[in-house]
Amino acid sequence: MKQKPPAEDPRFHHEIWTGATAESANTVSGIYYVENHNGQCSYAELALDFQIAADLVIETYQKNGMGNWTAPLAHLVRQTLELRLKALLDMVGQKSGKIETRLLYSHDLKAIWTHCRDWLGQSGYRFREDARLAQTVRLIEAFHAIDPSGDLFRFGISSQTAFGKQKSYDRVGLRMEILVPDFAASDGFLQHWEAVLLREIMAIEMNWDKDPFFDPNDFPKVATGAL
């Protein structure tokens with residue numbers, strides 16, 4: 001008997017309007033998949049979910065000082081950063097008319113950021129005036145250098161090497177006094193500039209001369225003369 005592929009396994013999949021299948025109703029499982037006919041979720045929505053989780057783990061880590069939380073904490077921060085970058089990349093693609101599929105399916109933080117940075121600069125956006133830029137670049141560069149393939153904190157052992165051996169998460173140290181503010185700054189920076197592009201698209205759809213609910217220039221500015 002030919003087995004159905006996992007995506008069609010009726011024990012764990014059902015459609016919201018027809019309700020649970022006989023197989024799913026009789027299956028004891030802590031997780032299931034339901035087609036609810038909503039619009040597809042966005043990178044930005046998932047980034048917010050991971051950001052909330054990261055903040056909670058950071059808070060607990062700082063209270064308890066549990067060193068064995070390094071990998072989960074670093075993974076949540078890196079995953080949030082990657083999703084924020086991909087949300088921005090997706091908006092750049094929608095604005096430019098060219099979706100960079102290869103980058104969207106990669107884990108290359110530096111390449112994604114470089115593409116977004118170059119397009120924003122060439123298109124005249126004022127992101128270089130944002131006081132959070134330096135911290136954002138610092139965090140991207142650090143995670144790209146330490147975990148360029150995005151597997152170190154997911155699996156503990158990376159496909160990347162350092163000092164002649166595969167990278168291992170237990171060699172990673174966290175300076176929380178730098179990581180925490182850099183994470184908050186980068187999350188706010190990437191969220192804002194993704195929103196700038198999104199709201200421009202919405203303004204066209206809504207026929208707004210000026211967005212009544214969003215100010216693209218409402219961001220912390222670099223001190224005068226520091227640029």
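Derivation of every value follows stated rules applied to the coordinates shown; laboratory data play no part. On a predicted model such as this, the values are computed, not experimentally measured, just so you know. All Cβ positions, even for glycine, are placed from backbone atoms using ideal geometry, and neighbour counts span all protein chains on display.
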For peptides 43-53, 122-132, sequence by mean Cβ density within 10 Å, most packed first: 43-53, 122-132
Candidates H75, H13, H107: whichever shows maximal mean-square fluctuation once the chain is modelled as a Gaussian network with Cα springs under 10 Å: H13
Environment charge at D211 (Cβ cut-off 13 Å; Lys +1, Arg +1, Asp -1, Glu -1): -3
Which of F213, F183 has the fewest Cβ neighbours within 10 Å, and the rest in rising order: F213, F183
For the chain, built as a Gaussian network whose Cα springs stay under 10 Å, the top-fluctuating residue of W17, W69, W113: W17
Within a Gaussian network of the chain (alpha carbon springs, distance under 10 Å), most fluctuating of A145, A184, A71: A145
DSSP-loop trypsin sites (Lys or Arg not before Pro) across segment 53-99, with at most 11 other Cβ within 10 angstrom: K98
Relative packing of peptides 149-157, 187-195 - highest average C-beta neighbours within 10 Å first: 187-195, 149-157
Segment 168-227: trypsin sites (Lys or Arg not before Pro) in DSSP loop, at most 11 other beta carbons within 10 Å: R175, K210
Among [x] 16.5, 47; [y] 18.5, 64; [z] 20.8, 73, the entry that matches Rg and Dmax of the Cα atoms in Å as calculated here: [z]
Cα shape, segment 164-227, gyration tensor, a/c 1.5 rule: prolate
